[in-house]
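J.: Quick one: this structure, given as structure tokens, is what I'll be asking you about.
Here, each number is a calculation from the coordinates, and none is a lab measurement. Bear in mind that the values here come from a model prediction, so they are computed numbers and not experimental data. So basically every Cβ, Gly included, is an ideal-geometry build from the backbone, and we count neighbours across all protein chains shown.
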Amino acid sequence: MTSFMPPAERIWWKVPVGREEIVWILIALTWCLIMFFMMPYWHIYGKQNLSNEAYQTTPAKYGAKVQEGIDQHKVGEEAGVPIVHPPAGSDVYMLGRLWQWWPILELEKDKTYRLHLSSMDWQHGFSVQPININMQVVPGYEMVLTVTPDQAGEYGVVCNEYCGIGHHTMVGKIYVKE
Amino acid sequence: MKETSDKPEKDQEEKIPAMQTLIDNPFLLLFIGVAMPTVFYLIWGIMEIVTIPVAP
Amino acid sequence: MAQFRTCPDTGLYFHKSAESLIKANAVAAAVALLVAGVLGLLVVLTRWQAVHLLPADQFYMALTAHGIDALIFWIIFFEMAVLYVASSVLLRSRLATPFWGWVQFVLMLVGAIMTNWAIFQGNSSVMMTSYAPMQAAPHFYLGLILFAVGALIGCFVFFGTLVVAKQEKTYDGSIPLVTFGAVTAAIIAVFTIASGAIILVPTFFWSIGYISHIDAEMYRIVWWGMGHSSQQINVAAHVAIWYLIAGLVFGARPMSEKVSRSAYLLYILFLQLACAHHILVDPGVSAEWKVFNTSYAMYLAVLASMIHGLTVPGSIEVAQRAKGFNNGLFEWLRKAPWDNPVFSSMFISLVTFGFLGGITGVVMGTEQINLIIHNTIYVPAHFHATVVTGTTMAFMGVTFFLIPVLFRRQMILPGLAKLQPYIFGGGMTILILFMLGAGTLGVSRRHWDMDFTGAALGFDYPGMAYTLMGIGAFGGVIGVVGGAAFLLITVGSLLFGKKLEPSAGLLQSFGVPLAASCYTDERPAILPRAAAAEGHHGSSFEAPGTFVLALVLLVTFVVYYFINWKYLASVWQLS
Ligand code: HEM
Ligand SMILES: [Cu+2]
Ligand SMILES: [Cu+2]
């Protein structure tokens, strides 16, 4: 009689299914397919997609690239952190380490950059606020995002992957200039 | 509750459909259930990671 | 000779060794829930920025222990009990190898204590994910490994019992649907534990210095093979419990064995692929891998959940209508036993799992949408809807049922018990809703200080974020009260409840058998097949009310899904 007894029919597979369930299954399946095809659709027509461009690297190697970027394009300093203003369209390097995002970036609105991210030590979370873009930053891997900031302003880069006792002090900055 | 097991059954002889045989076989299901994520999630995922090129 | 006891109230059969193991695992689960609940209170009071209770180091320690004790120890101990119920009790079979059952229990117990010990020593505040290269003390990993080995043994005792039951012909026909749900859970558990072994064993050797390097991305992929799959065990298990409670409380039968079992088959095939939910914003993984896996291969496991979401309440509706609650669309629901905590827990579990946990999970598991949600407090909000109001409440509901039946004690404080599901479910729902909101404002998870005290460069969250976190935390406190009420009622009943069987004492609660006279050597009668249903399946709907509820779910789902795409479209362009 119930769900915790063996089915009444020896061959339950052949018991006809009620109309209601069939209708619901068809509706649900349609919805599932829509959701599925939304993802490839967005890859083609959407403007927010992640590339899977990434490289294996080491902290030393990546740190050198970041330093090179700072040496070439440094325009100032804030609270001891260099501010870098890279040319539009160029490769931009930022690193996460206990407990800093390094350097501060100054970007131009509506210009496109190739933003590289990696970690020097543990995993970190690259969380741009208040726009709320979130990426996982993993040591040993250099991730490349092609990004076009389209709103000017001052953005915080909060670390949102737990990275030890100083996690809550790990805040960086990105300035987007008109 | 009614005991249905001892009542004469005409379907006793009828062959059980393949899908029911599958669903009634926990070990076959165990095999499929472990193979699917192992192949599609783990192995494919690890392949993706190990084929990432080294930074220039 | 296997000995059995018949429950005089329900007619369920308990094999003596299985009974003891079920009790022992359930009690261990409750202890883990107690610890987790206390820690949950400390955590939530710290995240409430106006209270900000703990200092940073203790907060991270408490959060690590909260996650592990709640998600791993409470849930998996209880699941071991569920597996033994679903195999031995429901099939009227002796348990295969009770000895290995006890090995399961002892290993899990030792493992749980060891990991807790490591955490509270203070050097293993690494969160339950323990992402390499952050390193915990070796016994943190070793405890988890022992626990997992124990759980694996439990799964094999379960499978062994299925074999025994089949060979000894303890039941007629196919296994019951609830047992089939447990089979699904156990299958997923095997993959879960295998992934856990692949990653935790090397990590353990790394922590004692035998291995020099653990690749961080490899760790993430394999760890989530365990971490996310273990949530899928919960889904399979608590859906089985929904069906069980529908059967127990209403005498409901599955609307269609074929449909419900096929839905479970979809779980077996596809549910575990969704481990990829956690890897959507990681470096270097292709879009093809992400799309295929995160969508459970075209959302076929979501389809399965939507099917269960219809058939569970649908089976209740059919049973209620057969009893004459036939007026309108919803009389069957209005006249449901809302003051029976077994039912109300189950129903809240069903609704919150679908509306809150399910919808948010699918939305944030969408490949591109994940980037506006990853690692925000939205994520814990989502999984408190799945694993707390979903799984935990289903388990609480069945516990209320088991106290008289299994422990042979009358439940104390019946008045409080009626309210408990509403207090717990209500409080947690507030926590969930407001933390979801705070997450969309970018508040980070696992974060001690929204004010970033001591940071060289600051950032200010909008005032609304503080308000949302405050209200959510207030809900969390209510939830803790509800959780405490649950433990008060259950533990209190085991200690002080009226004995329904004179030998049901304190030690019996921990697994010592009842008086010898309760058991007989006689084999239980063979478990018959359910009686055939009276003819139905006309062209009209059997459960129209449920169908309407399902459509409400669907509309909510569709609207919320596209709202999130819209929100995604408003952020910086990325490619
Ligand atoms: C009793 C009331 C509970 C309250 C008030 C509560 C509160 C919280 C809060 C506020 C967080 C997020 C903290 C953060 O990320 O900063 C959290 C994390 C978590 N909770 Fe709960 N919780 C409760 C019960 C539970 C239960 C019953 C479970 C599991 C069955 C659970 C599982 C988790 C897990 C897995 C985490 C994530 C830990 C991590 O990030 O590593 N919680 N809890
Ligand atoms: Cu960090
Ligand atoms: Cu951090």
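J.: What per residue convex hull volume, in Å³, comes out for the range C:338-499 when only alpha-carbon positions are used?
T.: Working: hull volume 18.5 nm³, N = 162.
Enclosed volume per residue, from the Cα hull, is 114 Å³.
J.: Cut-off under 21 Å on the C-alpha distance; same-chain residues fewer than 8 positions from C:Lys323 excluded. Which lysines are left, in chain and number order?
T.: B:Lys2, C:Lys335
J.: Below 8 Å between Cα atoms, with a sequence gap of 6+, how large is the relative contact order for the range C:79-147 in percent? Display every interim value, and only then the final one.
T.: Values: 52 pairs, mean separation 23.1, N = 69.
Dividing the mean separation by the residue count of the range C:79-147 yields 33 percent.
J.: Separate question: Summing -39500 (n - 2.57) over the DSSP H runs of n ≥ 4 in chain C and dividing by its residue number, what mean residue ellipticity at 222 nm do you reach, to the nearest 500 deg cm²/dmol?
T.: -21500 deg cm²/dmol
J.: Now, a different point. Which whole-number percent is the relative contact order of the range C:331-454 (Cα, under 8 Å, 6+ apart)? Working shown, then result.
T.: Working: 131 pairs, mean separation 47.3, N = 124.
Computed value for the range C:331-454: 38 percent relative contact order.
J.: Moving on. In straight Cα distance, which lysines are under 20 Å from A:Lys14, not counting same-chain residues fewer than 8 positions off?
T.: B:Lys7, B:Lys10, B:Lys15, C:Lys258
J.: Tell me the net charge near C:Met450. Cut-off is 13 Å between Cβ atoms, C:Met450 excluded, with +1 for each Lys or Arg and -1 for each Asp or Glu.
T.: Once positives and negatives cancel, what remains is 0.
J.: For the range C:404-460, report the translational diffusion coefficient in µm²/s to the nearest whole number, using Stokes-Einstein at 20 °C, 1.002 mPa s, and a Kirkwood Rh over Cα pairs.
T.: Details: Rh = 15.3 Å.
My calculation gives 140 µm²/s for D.
J.: Looking at the P(r) of the protein assembly as shown, how many percent of alpha-carbon pairs lie beyond 45 Å?
T.: Roughly 24 percent, once rounded to a whole number.
J.: Another question, then. With everything on Cα atoms, drop me the angle between helix C:257-270 and the longest principal axis of chain C, reported from 0 to 90° to the nearest 10.
T.: Helix C:257-270 sits roughly 30 degrees off the main axis of chain C.
J.: Show which lysines lie in cross-link reach of A:Lys47 when reach means a straight Cα distance below 24 angstrom and same-chain residues fewer than eight apart are skipped.
T.: Filter leaves A:Lys109, A:Lys111, A:Lys173, A:Lys177, C:Lys290, C:Lys566.
J.: Quick one: net charge around A:Ser119, please, counting Lys, Arg +1 and Asp, Glu -1 for every other residue with C-beta under 14 Å from its C-beta.
T.: -2
J.: Within 13 Å, Cβ to Cβ, of A:Gln129, how many net charges do the neighbouring residues add up to if Lys/Arg are +1 and Asp/Glu are -1?
T.: -1
J.: Which shape class applies to the range A:135-178: rounded if a/c is under 1.5, otherwise prolate when a/b exceeds b/c and oblate if not, where a ≥ b ≥ c are the square roots of the Cα gyration tensor eigenvalues?
T.: Note, shape of the range A:135-178 comes out oblate.
J.: Can you show me the helix-derived [θ] at 222 nm for chain A, built from DSSP H runs with n ≥ 4 at -39,500 (n - 2.57) apiece and divided by the number of residues, rounded to the nearest 500. Numbers along the way, then the final one.
T.: On the way: 2 runs with 42 residues, N = 178.
After summing the helix terms and dividing by residue count, I get -8000 deg cm²/dmol.
J.: Also, quick follow-up: Which is the longest run of chain C containing none of the trypsin sites (Lys or Arg not before Pro) found in DSSP loop states (not H, G, I, E, B) with at most 13 other C-beta atoms within 10 Å?
T.: C:1-168
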